[in-house]
1. Need a quick list: helices (runs of 4 or more DSSP H) entirely within the range 1-87 having at least 1 residues that are within 30 Å of Asn181 (Cα to Cα), open to solvent by 10 Å² or more (accessible area, probe 1.4 Å) and not basic (Lys, Arg).
2. Given (1) within 16 Å of the ligand (Cβ to nearest atom); (2) closer than 30 Å to Gly244 by Cα, identify the lone condition not met by Met279.
3. So which residues in the range 228-275 are open to solvent by less than 10 Å² (accessible area, probe 1.4 Å), more than 19 Å from Gly106 (Cα to Cα) and more than 10 Å from the ligand (Cβ to nearest atom)?
4. Quick test for you: out of Phe374, Phe384, pick the one residue that is touching an Asp or Glu at 6+ places or on another chain (Cβ under 7 Å), more than 16 Å from the ligand (Cβ to nearest atom) and open to solvent by 30 Å² or more (accessible area, probe 1.4 Å).
5. Kindly indicate whether any position in the range 189-204 is more than 19 Å from the chain's Cα centre (by Cα), within 16 Å of the ligand (Cβ to nearest atom), outside the structural domain of Met406 (by TED's automatic domain parsing) and not in a helix (DSSP H, G or I).
6. So, in the range 433-458, of the ones that are over 18 Å from Asn355 (Cα atoms) and without any contact (Cβ under 8 Å) to a residue 40 or more places away in the chain, which residue ends up surrounded by the most Cβ atoms within 10 Å (Cβ to Cβ)?
7. Tell me, which residue of the range 71-102 that is in contact with a Gly (Cβ under 9 Å, 6 or more places away or on another chain) and not basic (Lys, Arg) is nearest to Glu213 (Cα to Cα)?
8. Looking for something at pLDDT below 85 and of a type in the set (Gly, Ala, Ser) - is there at least one such residue anywhere in the range 578-590?
Amino acid sequence: MEETCKNVYITTPIYYVNDVAHIGHAYTTIIADMLARYSRLTGHNTYFLTGTDEHGQKIAQSAEARGRTPKEYADEVSGKFRALWDNFDISYDKFIRTTDEQHKLGAQKAFEKMYNKGDIYKGEYEGFYCVSCETFFTEKQLIDEQFCPDCGRPTSIVKEESFFFKLSAYEDKLLKWYEENEDCILPRSKKNEIVNFVKSGLRDLSISRTSFEWGVKLPESINEPKHVMYVWLDALINYISALGYGSNEEKFEFWPASIHLVGKDILRFHAIYWPAFLMSLELPLPKHIAAHGWWTRDGEKMSKSKGNVVDPKQVADAYGLDAFRYFMLREVPFGQDGDFSQKALIDRINSDLGNDLGNLLNRISGMSGKYFDFKVSSIDVEKFHKKELDEVNKILENVEDFIFNMQINRFLEDLWKVLTIANKAIGDYEPWSKMKEGKTEEAMALVALITNIMAKVSILLQPVMPEKIEKIATSLGIHINTELYNKLIVNKELLNDVTITKVDQLFPRVEEPLIEQAPETKKDKAESEKKSDKQEEPDNLITIDKFFETTIKVGTIVEAEEVPKSKKLLKLQVDLGEDKNRQILAGIKEFYSPIDLIGTQACVVANLKPAKLMGMLSEGMLLAAKDENGLCLVRPEKTKISGTKIS
Ligand code: ME8
């Protein structure tokens with residue numbers, strides 16, 4: 001975020017519509033929402049963009065698996081994202097969909113411009129592709145010659161005509177940009193990774209596909225109707241098409257972005273490809289690209305496809321949206337990973353929110369009511385509490401820097417230091433004793449000190465917990481807006497006279513987890529829905545016919561040997577009855593030695609499309625189970641005739 005710039009443009013990634021949102025998505029969106037609210041509060045003209053990424057092979061496949069057209073499916077899931085953000089009162093100014101006409105125009109205009117500039121040429125792509133990550137890889141980058149280095153899933157071989165972007169031509173310019181703009185990538189540790197990646201050499205990037213149709217067509221002027229744009233090019237352009245690039249330019253005054261918020265998994269696309277595309281388009285580059293860490297569950301990355309997701313709505317419904325927002329922003333330093341647990345959330349609610357914040361408000365209303373009929377005047381605060389006021393102002397003077405450096409947890413830590421000053425002052429000055437001693441002015445000064453501290457902290461906390469802070473503001477008789485921010489925070493002034501109103505307890509104590517087990521994962525959900533006799537079927541159930549499309553047979557391993565230079569693969573010859581010598585390459589070398597396998601049986605997927613691994617053909621797959629204790633093959637309990645079908 002830029003201190004000096006009046007226009008502020010904040011973006012989240014646009015989320016894939018291959019499934020519903022989880023707390024990882026909610027995290028990015030809540031950080032962005034907090035920044036947008038902060039930016040508006042501090043008087044900046046702010047534009048906040050979020051939306052959905054709807055093209056590409058992954059979405060086309062997800063739709064097909066559900067028997068839907070990609071557009072129907074995208075409409076449904078995009079609608080769910082939007083409904084969730086609306087339910088969370090996310091203050092976005094625009095929700096973009098890459099299937100919007102305005103976006104398509106922008107994407108085509110950008111392609112045309114880069115093409116006319118000579119940065120795009122036609123060639124043939126041959127390599128590996130991970131559909132789940134929508135990313136191209138070279139053989140060298142793969143794990144065990146086959147698996148995606150990012151998500152671990154099998155990649156497929158792609159060989160097709162493609163347009164390429166001359167990414168290699170931007171290597172030096174990118175390095176110069178990183179060097180001249182210290183904070184262009186945050187946190188800095190992540191920036192070093194990017195710089196090293198670019199220094200190790202960039203290859204030109206394939207930016208069109210011909211093997212499927214679900215994408216933005218290339219501009220007509222290029223006359224290549226077979227090609228659709230590579231989904232990452234299409235997606236990144238959303239940040240400018242949303243402002244009207246290629247159509248009405250209506251909001252283009254907001255470009256360049258003040259901050260693109262992303263998860264660390266997609267930093268490379270934003271910190272290398274995107275600036276290179278923008279350089280080619282001769283547009284200014286974003287001020288900051290900030291990458292946060294992952295939310296994990298039991299130490300594993302939470303993701304839609306792993307089925308270990310926490311449903312953000314379930315958590316917000318159980319514990320309250322603002323408590324959830326506070327927890328996400330406070331618990332984990334930006335850039336680092338964090339494990340989600342109800343216990344940590346409950347601790348934050350009871351301690352930070354209940355004790356430190358909520359109780360302070362109760363004490364204000366209690367004391368002001370008992371001693372002063374709820375009327376509080378700041379007139380003598382400076383006289384009796386200059387020391388505390390100076391301490392508070394000194395902390396508040398610097399907290400904003402934490403926001404500019406994306407250290408939101410430290411911003412919150414410092415606000416809590418200020419609350420501690422208030423709570424401590426009550427114990428130190430004992431207003432009840434002052435009242436007994438007839439020192440009414442001093443007691444009033446103390447109550448006013450803590451009321452002012454509460455007001456100042458509330459102003460800065462409003463972007464974090466808008467709903468609860470509104471309640472505090474009502475109780476303090478103030479209205480939080482830019483004017484009050486300027487008065488109390490920028491100019492360090494005190495409140496005018498206020499009348500306090502009592503409110504119900506803001507953060508009631510939570511004694512035990514409110515979500516019975518851990519929040520349901522998708523897997524749990526599918527299980528319980530299967531068990532309960534519901535009419536509605538979860539999305540991932542298949543019919544028996546679908547299951548029988550897979551032929552699984554008992555195979556007897558007749559030969560086994562190590563594959564030279566491969567850490568994981570063993571080459572097996574398997575007797576499948578009619579087919580006595582089926583060659584299968586299995587990634588089990590770490591768990592079995594060839595000698596122990598010969599003569600044993602295993603369950604074999606017999607109708608798998610042959611694939612080449614390490615230059616050798618593999619015509620099937622052995623079933624295996626893997627957990628943290630290792631891997632074991634799945635075998636029939638008793639010896640069966642080779643080739644026996646398993647059903
Ligand atoms: O990557 N913890 O979309 P996506 C924290 N369409 N954040 C997480 C997370 C986790 N476990 N999992 C996901 C895409 N996220 C592309 C983006 S932008 C031009 C195109 C968050 O649906 C995080 O912000 O896979 C991550 O970058 C984003 O969701 C990816 O969402």
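1. 23-41
2. (1)
3. Ser258, Ile259, Ala271, Ile272
4. Going through Phe374, Phe384 in turn, just one is touching an Asp or Glu at 6+ places or on another chain (Cβ under 7 Å), more than 16 Å from the ligand (Cβ to nearest atom) and open to solvent by 30 Å² or more (accessible area, probe 1.4 Å): Phe384.
5. No, the range 189-204 contains no residue that is more than 19 Å from the chain's Cα centre (by Cα), within 16 Å of the ligand (Cβ to nearest atom), outside the structural domain of Met406 (by TED's automatic domain parsing) and not in a helix (DSSP H, G or I).
6. Checked the range 433-458; the qualifying residue surrounded by the most Cβ atoms within 10 Å (Cβ to Cβ) is Lys434.
7. This residue is Thr98.
8. Checked the range 578-590: no residue is at pLDDT below 85 and of a type in the set (Gly, Ala, Ser).
The values are calculated or read from the model by the stated rules, or taken from the named source; none is laboratory data. Please read these numbers as outputs of a predicted model, since none were measured by experiment. Cβ coordinates were reconstructed from backbone atoms using ideal geometry, including for glycine residues, and neighbour counts include every protein chain displayed. For accessibility, only protein heavy atoms count, side chains too; no ligands or nucleic acids. Shrake-Rupley method; radii C 1.70, N 1.55, O 1.52, S 1.80 Å.
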